[in-house]
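Structure, as structure tokens:
The values are calculated or read from the model by the stated rules, or taken from the named source; none is laboratory data. In this text the structure is predicted, and so the values were computed from the model without any measurement. Here Cβ is always computed from backbone atoms with ideal geometry, including for glycine, and neighbour counts include all displayed protein chains. These area figures cover heavy atoms from the full protein model, side chains too; ligands, DNA and RNA do not enter into them. Shrake-Rupley method; radii C 1.70, N 1.55, O 1.52, S 1.80 Å.
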Amino acid sequence: MPVVSAPENPLDFEGAAIAVGHYAGGEQTSWLAKLDEGLGGAISQLRTAGEFKGAPGELVTLFHPQGKTKRILLFGLGERSDATTARAFQACAAAAKELAGKDRPRVAFYVEPTWSPALQASGLAGALVGSVGQDLYRKEKKRFPFAELAWAGGSDATLARGQAVADGINLTRRLVNEPPDKIYPEAFADRAVEAGKEAGFQVEVWDEKRLARERCGSLLGVAQGSEKPARLVIMEYRGRGDGPWDVTLVGKGVTFDSGGYSIKPTDGMKTMKCDMAGGAAVVGAMHAIAREKLPVNVIGLVGLVENLVSGSAFKLGDVLTARSGKTIEIHNTDAEGRLVLADVLDVAIERGAQRIVDLATLTGACVVALGTDITGAMTNDEAWYGEVKSAADAAGEWIWPLPMFKEFGDQIRSEVADIKNVGEGRWGGAITAAKFLEEFVQGKPWVHLDIAGPAFLDAPKPWLDAGGTGCMVRTLFQLAESLGDARRE
Ligand code: BES
Ligand code: MN
Ligand code: ZN
């Protein structure tokens, strides 16, 4: 979606629609004043009559029959003092979603000239994300992404940043929204290779033979039940040349999770194409980071399998040997994500990982704990967690810590093998899963992000269609940006 800068006076814009941001109370922009004048005072009258208050998410359409652009969408930004990147993203996304309900090829956004570059980039990213839906295979589309978006204010660099982040999010959403018959391990790996060519990072793909040679017995144990062979994708981006990795991103890429022999009921299984959302977020973030040429070295790894049932599938009681040498007794084949990540983390460390963030739709228990909008964060290193948390706060995404007391680790001891793949009973399931992962990080600073809640929407939000959300792409991009800034200082 090409982004251009909009003319200074909104009355000069020629296109299908103008979206104009409006704060609740307080001073309004000169753009609004000009539009109000062109509309014979319609906007101020609406405000005085209490028909439009400028609350976040509020939308009112006006028509300007004499104007170069006839449709004006007023959208609320909330209180000026509450301006955050999250609100900028959501408000602009809500307006874009509304406008993209019909084919409107050229639209302009006039939001707020005094916004910081971070707010401008977030607003623009929101506008570009909100206009894209999940109707990939419908003949009659519900959402029509703009052919061109004109954005008022903000430097070229700011616009490029917003666009790179939006493209990363939309790439992630697309990978999640594509059905599991289209996105299986090899297909996902092909998409990652394409993304690398497009944005400028190296991609290496390990096939099932290489995975076997590398003794990835834990990942391959899960893949065993599917006719689709497993893959491991390794993406390398060097934005500051030689030297160590500034950050290592690891993603769960279960392209479909039936649960295996611990099979899921239909209701729990029907959206399990989303079980590669962590891996998709890693690809989306790599794409955005490389496109923006951030001055950091980032390596991203995604373990790709399909968790199915067949005569060759892994079973309860099986003992798998992970790449690290640890043996794992299987007590539940639906606790498969941690088995995949165990081997991917081991490869990551061999490749020189120093500071790790893993992303995974890992546990329903995390959704029970924190709800569907918040990412659970678990760590072995408070300082590294602090950096990830600051990035999430700045990016406008919600993460919240869960404790990692040693007692949770005691629950995964096995009588038969070194560890087993689930805790005793279901309580604290997000934490026992994280404790399992911790067994494979060799004490490296590590943050585990459980995105089982926010990765996928069952129902639409005012600012986003249902389906994949692209959550954590903004946070990962922000983290890479902050690490790059820290290096320059
Ligand atoms: N992919 C699921 C977790 C999940 C649940 C993701 C809901 C998105 C939405 C994961 O592989 C899983 O099945 N976890 C089990 C773990 C249990 C068997 C210990 C779960 O949460 O029930
Ligand atoms: Mn599962
Ligand atoms: Zn899963």
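One equal scatterer on each Cα of the chain, no solvent, Debye formula: the resulting log10 I(q)/I(0) at q = 0.09 Å⁻¹ is -0.60. When a 1.4 Å probe is rolled over the protein heavy atoms, the share of accessible surface on segment 363-479 that falls to carbon and sulfur comes to 57 percent. Solvent exposure of Met1, expressed as accessible area, is near 60 Å², computed with a probe of 1.4 Å over the protein chains only. Axis angle, to the nearest 10 degrees, between helix 277-291 and the longest C-alpha principal axis of the chain: 60 degrees. At an R0 of 45 angstrom, the distance between the Cβ atoms of Ser44 and Lys197 translates into a FRET efficiency of 0.30. Against the longest alpha carbon principal axis of the chain, how many degrees, from 0 to 90 and to the nearest 10, is the axis of helix 337-350 turned? That helix lies at roughly 90 degrees to the long axis. Taking 0.36 nm per residue of sequence separation and removing the Cα-Cα distance, the Asp485/Asp267 pair yields an extension gain of 74.0 nm. Using a 1.4 angstrom probe on heavy atoms only, work out the carbon and sulfur share of the accessible area of segment 102-170 in %. The C+S portion of the solvent-accessible surface of segment 102-170 is 55 percent.
For Ser310 and Ser116, a Förster radius of 56 Å and the Cβ-Cβ distance give a FRET efficiency of 0.55, rounded to the nearest 0.05. The angle separating the long axis of helix 117-130 from the principal Cα axis of greatest extent in the chain is about 80 degrees.
For a quick check of understanding: with a 1.4 angstrom probe and all protein chains in place, what accessible area in square angstrom does Tyr385 have, to the nearest ten? Roll a 1.4 Å probe over it and Tyr385 shows about 20 Å². The slack in the chain from Arg426 to Met1, taken as 0.36 nm per residue of separation less the alpha-carbon distance, amounts to 148.5 nm. Heavy atoms only, probe 1.4 Å: what % of the accessible area of segment 1-57 goes to carbon and sulfur, would you let me know? On segment 1-57, the fraction of accessible area on carbon and sulfur atoms equals 49 percent.
Once the Cα-Cα distance is subtracted from the 0.36 nm per residue extended length, the Gln354 to Trp398 segment shows a gain of 13.4 nm. Working from Cα pairs under 8 Å separated by at least six residues, relative contact order for the chain is 15 percent. The Lys182 and Ser30 beta-carbon pair, evaluated with R₀ = 60 Å, returns a calculated FRET efficiency of approximately 0.80. In the full protein context, segment 34-158 carries 44 Å² of accessible surface per residue, based on a 1.4 Å probe and ignoring ligands, DNA and RNA.
To the nearest 10, the accessible area of His287 is 10 Å² with a 1.4 Å probe.
Placing a pseudo-label 7 Å from each Cα along the Cα-to-Cβ vector at Lys68 and Phe405 gives an inter-label distance of 6.5 nm. Please go through the residue pairs Lys97/Lys273; Lys139/Lys209; Lys53/Lys389; Lys252/Lys444 and name each one whose alpha carbons sit more than 29 Å apart in this structure. From Lys97/Lys273; Lys139/Lys209; Lys53/Lys389; Lys252/Lys444, over 29 Å: Lys139/Lys209; Lys53/Lys389.
Between segment 169-185 and segment 216-251, what is the separation of their alpha carbon centroids in Å? Between the Cα centre of segment 169-185 and that of segment 216-251, the gap is 17 Å. The calculated 222 nm mean residue ellipticity attributable to helices in the chain amounts to -11000 deg cm²/dmol, summing -39500 (n - 2.57) over DSSP H runs of n ≥ 4 and dividing by all residues.
So what's the gap between the Cα centers of segment 10-47 and segment 95-151, to the nearest angstrom? With segment 10-47 and segment 95-151 each reduced to a Cα centre, they are spaced 18 Å. Pairs of alpha carbons in segment 364-475 separated by more than 23 Å make up 33% of all such pairs.
For the residue pairs Lys264/Lys315; Lys34/Lys102; Lys34/Lys70, alpha carbon separations beyond 18 Å are given by Lys34/Lys102.
Largest first, the residues Phe436, Phe256 sort by 1.4 Å accessible area into Phe256, Phe436. The lysines within cross-link reach of Lys293, meaning a Cα-to-Cα straight distance under 16 Å and a gap of 8 or more places when in the same chain, are Lys197. For a modelled paramagnetic label at Thr321, 7 Å from Cα along Cα-to-Cβ, the residues of segment 408-445 in reach, with backbone nitrogen under 15 Å, are 417-419. When the charge dipole of the chain is built from unit charges on Cβ atoms (+1 for Lys and Arg, -1 for Asp and Glu) and taken about the Cα centre, the candidate among Gln66, Ile330, Leu476 whose Cα reaches farthest toward its positive end is Gln66.
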